[in-house]
Amino acid sequence: MSSPELADARLSALIAHYYDAALDSSLWPGTATRTAQALDSTSTVIKLHGGGARVDLLECTDNLVVAERDRAWAEDWHRRDLWVERSVAHGLSRVITDEDLVTPEEQARSGFYQEWLRHLDIHHMLGAVFQAADGIIGVLGIHRTREAGAYSEVERSKVALLLPHLQRALRLGRRLSALSQAHAAALQALDRVDTGVIVVDERCRVVLSSAMADALLRGNTELAVHGGCLVLQQPALRDALSAQVRAAVNVAQGEPGDAGAALCVPRAGRLPLVLEIAPLRPTTSAFGDQGPAALVFIRDPEVPADLDRLRALFDLTRTEAAVAAALAQGRSLEGIASGLGIGLATVRSHLKRILAKTGTHRQAEVVALLARCA
C-alpha cells in the first residue's frame, strides 16, 4: 500500500472509530491518540468550552495529562486557551494552524507559549473550533513539537475531512448519553417503588421486569412466569389476565377501549394481591418500531414498610415505627399488640404519639399517610 493510500485508510478508520465511540462510550478512551497518529502528530486534545468559563476535557493523549498537584494550573490555562480565543474569532468550523493565529514575536513573549505549551512540548497546532451544542464550543487541537515542523495544506485538508464527522459523532454521543441516563433513571425509579412493574406483549410474554416484580414473583405462588409468560395459577384469573392484556395492547395500537383494568388475586390467609393492567404505546424510529405492549403493576399490601424511613420522616422511636409499619399494612390494634408482644393499652399510647407526630387526627388518616410514605 502506498503512502497516500495508507493515509486515506487511517482517516477512514478514524472516522469509523468516531461513530463507534459515539455508540459505545467504552471505545472513547484512546480517540485522541488515534487522531494524533492519523495526522503524524505528537498530541491531541478534544474538549468543550461552555458558559461560565467551564471547560470539559473530553479526551487527550497521555502526554497532555498533568500531575494532580498541577491540576488547577492546567485548568486555568485550558480556560485561557489563546488558540481557542483566536480560533473563535476566525470562525467556527474553520480549520486553522498556529501560524494563522499568532506571530513569532507573540510566541516569544506569550505566557501561553512560554509557560503552558513549553511544559507540554507543544509548538505547532492544527485544529478548529465548532458548535457542539447550544452555548457550547467544541475544540479539536492537534499538536507537534517545534522540531517536527509546521503543518501543511495537505494536513489541513485532512482535518477538514475529519471535523464534520467528529462534530456529528459528539452530538450523537451526547444524545445517546442523555437517552441512556433517562433509561437508567426510569429503571432505578422502578426498582425503588414498592410496586412491581412487568412489561408484557399481547401473549403475556415478559419483555421487562423490575426488581420488585421479581421479588413478588418469588414470594407468591399465585402468579409466576412459565415459558417466559406471566400467568396466574387460578384458571379463571389466568384467562382474565390474558384478556385484559390483549385489550390493553389493542388500546396501545390505537384502538378504542379502556385505558386500564385491574385484577384482585386472592391469597390463602393473606391480603390479596392487586394487579393493574395498562397500555404501553409504542415508539417509532427509522431503525425499527417498538411494538405495542402492556404494563402490569403488582401491588402487595403486606410488603413491609421501611422502618428507618418512617423514623426519619416523622421522628418516630423504634417501637413507634414498628407500630406505624403494622398500621400501614392494615393490621388491627389487637393484632399489632399480639405481634409485637406488648399490651393493647401500650399500642394505643404509641398510636396517639404517632398521630401527633404525623399531624393526623384519626387512625384511618394515619394509615393512609403511612401507606403512601413507606
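The values are calculated or read from the model by the stated rules, or taken from the named source; none is laboratory data. All of these numbers come straight from a predicted model, not from anything done at the bench. As a convention, Cβ positions derive from the backbone with ideal geometry for all residues, glycine included, and neighbour counts pool all protein chains shown. Keep in mind that these areas ignore ligands, DNA and RNA; they rest on the heavy atoms of the full protein, side chains included. Shrake-Rupley method; radii C 1.70, N 1.55, O 1.52, S 1.80 Å.
Charging the Cβ of each Asp and Glu at -1 and of each Lys and Arg at +1, and nothing else, the dipole of the chain about its Cα centre rounds to 1540 debye. The heavy atoms of ARG71 present about 100 square angstrom of accessible area, all protein chains included, probe 1.4 Å. Tell me which aspartates and glutamates have Cα within less than 15 Å of LYS158's Cα, excluding those fewer than 8 residues away on the same chain? Within the straight-line limit of under 15 Å, LYS158 reaches these aspartates and glutamates: GLU5, ASP8, ASP40.
The long axis of helix 318-328 is offset from the longest Cα principal axis of the chain by roughly 70 degrees. Taking all protein chains together, HIS361, HIS49 sort by accessible area into HIS361, HIS49, largest first [probe 1.4 Å]. Under a point-charge model restricted to the Cβ atoms of Lys and Arg (+1) and Asp and Glu (-1), what is the dipole moment magnitude of segment 111-201 relative to its Cα centre, in debye to the nearest 20? Approximately 280 debye in magnitude. Solvent-accessible area of the chain (1.4 angstrom probe, protein heavy atoms only): carbon and sulfur portion equals 53 percent. Charge dipole (Cα centre; +1 on Lys/Arg Cβ, -1 on Asp/Glu Cβ; no other charges) of segment 188-281 amounts to roughly 200 debye.
Taking Cα atoms only, the orientation of helix 3-23 departs from the longest principal axis of the chain by about 20 degrees. Seen against the Cα atoms of the chain and their longest principal axis, helix 153-192 is set at about 10 degrees. Would you mind telling me which residue in ILE136, ILE342, ILE15 has the biggest mean-square fluctuation in a Gaussian network model of the chain, where springs connect alpha carbons within a distance under 10 angstrom? Between ILE136, ILE342, ILE15, it is ILE342 that shows the largest mean-square fluctuation.
The residues of the chain expose on average 54 square angstrom of accessible surface per residue, using a 1.4 Å probe on protein heavy atoms.
When SER152, SER12, SER210 are compared by accessible surface with a 1.4 Å probe, the order from highest to lowest is SER12, SER152, SER210.
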